[in-house]
Amino acid sequence: MKTVNHWIGGKTVEGTSGNYGEVTDPATGAVTTRVAFASPDEADTAVAAAKDAYRTWRDSSLSARTAVLFRYRALLDAHRDEIAALITAEHGKVHSDALGEVARGLEIVELACGITTQLKGELSTQVSNRVDVSSIRQPLGVVAGITPFNFPAMVPMWMFPLAIACGNTFVLKPSEKDPSAANLLAELAAEAGLPDGVLNVLHGDRVAVDALLNHPDVAAVSFVGSTPIARHIHATASANGKRVQALGGAKNHMLVLPDADLDAAADAAVSAAYGSAGERCMAISAVVAVGTIGDELVARIKERAARIKIGPGTDPSSEMGPLITAAHRDKVASYVTGAAAQGADVVLDGTGFTVDGFEDGHWIGLSLLDHVSTDSDAYRDEIFGPVLCVLRVETYEEGVALMNASPYGNGTAVFTRDGGAARRFQLEIEAGMVGVNVPIPVPVGYHSFGGWKDSLFGDHHIYGNDGVHFYTRGKVTTTRWPDPADAPAGVDLGFPRNH
């Protein structure tokens, strides 16, 4: 059986704790891999390797860093099929979806390749007599990233390329459910010429996470995952004096106004709710239908959902794969089986679905729940599976109030032909990312990704300008040089005059 070990100091390091986790192929349910779980001592080793590498990496020139990143970008492009295959084998998503994940991660590598412009400082001359003021941004030191199972390549690439471009060194703790892609990303970085210890991969469970959160040599922590864990990450790391960006869960709404193109809205709802089997924090999980359009919208969503082909990610004709684990599949199914008792109409019930020849896989079909109440479990909880809830409201104002009452504020969308209504929605909705006739408004790499309320803990969004600011700290220098033509003027203890 394949074993996934740590990547520390530029090489594979076998686990010594004696603890391992099992990795399954979600399409078959078979255990295919075991992954080493790090002990606190092994976490110390990874951080020590990063700390040692930081001494020289922080002083490397911007051109040297970007040269590595340009080579890295080329290697990632050449190996994108291999990375995607690992994602499919361990996460289960279809190959085309996995390729899309790699492409979105590459956007941030490309952003990091242009770090020379992102790190430009500022200069003000002659702020007082012969006084200049300059500001620069400098790296933090050793930083850590803790990433989720649903995007085992993209989310790590949201973090470490920018962090190392800014001059930091990095310890990545990927999900133990699908760990192989992270190691390949690190191996390719080494092949591109990244010095040993600049990027390290530490595998494990909560023991490894807490070791990083409490380590005195870790200056900052980036996290993407569920809200309860994001809250724990933020509280623990902040208490230890670390900078933290912790992106949590979501319950993303899509408001459909009566004037909307219902075919476009139905297409968007199916894509956004069921793509990646609903295992993404930007999935639309609640459609809010305004006025009398609800019945027709639900009918169109049902018609389209029935045509989605579910099957192994290795089958090119599959449009949706299995869920990551059997336990997660069963939890998702419980929301559907309990929906009717809580007042919902079960329009589509995906529980009990299976695929011929792959009966032991973690399968679930598409579920569509109508007339869902805001106090039901299916609405309140982040299901993280292919379950779409439809809620009915009479007016735009009622819809926005319903959406703003949610404790989450990650992403949202409005479908309408009315520019004034869209502009009003953009200003009134309480969410960090807004789509206008765009169901999944994930920003491009040079804008930042992040939500509001219980979807984000910390002050910085991820990647884009916020990412650069998160991985650096500002320094301002005020300088006065005497003019060689002047005679010594003696000591002046007065406050500098600006005029």
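The values are calculated or read from the model by the stated rules, or taken from the named source; none is laboratory data. Since the model is a prediction, treat every value here as computed from it, not as a measurement. A quick note on method: Cβ atoms are made from the backbone with ideal geometry, for glycine too, and the neighbour counts reach across all protein chains shown. In case anyone asks, the SASA skips ligands and DNA or RNA and just uses the protein heavy atoms, side chains included. Shrake-Rupley method; radii C 1.70, N 1.55, O 1.52, S 1.80 Å.
At a Förster radius of 41 Å, what calculated FRET efficiency corresponds to the Cβ-Cβ distance of residue 32 and residue 296, to the nearest 0.05? In this case the efficiency is close to 0.35. Taking one quarter of the surface of the C-alpha convex hull of the stretch 344-385 gives a mean projected area of 3.3 nm². Here r is the Cβ-Cβ distance between residue 353 and residue 374 and R0 is 22 Å; the resulting FRET efficiency, rounded to 0.05, is 0.20. Among residues other than residue 443 with Cβ under 15 Å from its Cβ, the summed charge is -1 (Lys and Arg +1, Asp and Glu -1). Dividing the summed helix terms, -39500 (n - 2.57) for each DSSP H run of n ≥ 4, by the number of residues in the chain produces a 222 nm estimate of -11000 deg cm²/dmol to the nearest 500.
With θ taken as phi - 60° and the Karplus curve 6.51 cos²θ - 1.76 cosθ + 1.60 applied, the whole-hertz 3J(HN,Hα) list for the stretch 258-271 is x, 8, 5, 6, 5, 5, 5, 5, 5, 4, 5, 4, 5, 4 Hz, x standing for glycine and proline. Under a 5 Å amide H to amide H cut-off, with H placed in plane at 1.01 Å, what residues pair with residue 284 once short-range neighbours are removed? Amide H neighbours of residue 284, under 5 Å, 5+ apart: 273. Label reach from residue 44 (point 7 Å along Cα→C-beta): in the stretch 141-180, no amide nitrogen lies under 12 Å.
Taking Lys and Arg as +1 and Asp and Glu as -1, the other residues whose beta-carbon sits under 14 Å from that of residue 213 total +1.
Mean separation of Cα pairs under 8 Å and 6 or more residues apart, divided by the residue count, gives the stretch 191-246 a relative contact order of 32 percent.
For the chain, DSSP calls about 40 percent of its internal beta bridges antiparallel.
Ligands, DNA and RNA left out, the 1.4 Å accessible surface of the chain is 52% carbon and sulfur atoms. Taking the average, over residues, of other Cβ atoms within 10 Å as the packing measure, peptides 90-98, 289-297 rank 90-98, 289-297 from highest down.
Work out the FRET efficiency for residue 133 and residue 19 from their Cβ-Cβ distance, taking R0 = 41 Å, and round it to the nearest 0.05. Given R0 = 41 Å and the Cβ-Cβ separation, E is 0.15. For the stretch 203-359, the solvent-accessible area works out to 38 Å² per residue, with a probe of 1.4 Å and every protein chain left in place. Other residues within the sphere of radius under 15 Å centred on the Cβ of residue 360, judged by their own Cβ, net out at -4 (K and R +1, D and E -1). When you restrict to C-alpha pairs under 8 Å that are six or more residues apart and normalise by the size of the stretch 211-311, the relative contact order lands at 24 percent.
Less than 5 angstrom separates the built amide H of residue 37 from those of 19, 20, 21, all sequence-distant by 5 or more or on a different chain.
Across the chain, Cα pairs under 8 Å and at least six residues apart give a relative contact order of 18 percent. For the stretch 9-158, the orientation-averaged shadow of the C-alpha convex hull comes to 12.0 nm² (one quarter of the hull surface). Evaluating 6.51 cos²θ - 1.76 cosθ + 1.60 at θ = phi - 60° for every residue in the stretch 64-73, the Karplus couplings come out as 5, 5, 5, 4, 5, 5, 5, 5, 5, 4 Hz, glycine and proline recorded as x. Residues whose amide H comes within less than 5 Å of that of residue 13, counting only those at least five positions distant or on another chain, are 6, 7, 8 (H built at 1.01 Å from N in the peptide plane). Inverting the pair-averaged 1/r between distinct Cα atoms of the stretch 22-62 gives 13.3 Å as its Kirkwood hydrodynamic radius. The eigenvalues of the Cα gyration tensor, multiplied by 5 and square-rooted, give the stretch 111-177 an equivalent ellipsoid with semi-axes of 36, 11, 8 Å from largest to smallest. Rounded to whole numbers, the Karplus 3J(HN,Hα) couplings from phi for the stretch 370-379 are 10, 6, 7, 8, 6, 9, 8, 4, 5, 8 Hz, using 6.51 cos²θ - 1.76 cosθ + 1.60 with θ = phi - 60°, and x at Gly and Pro.
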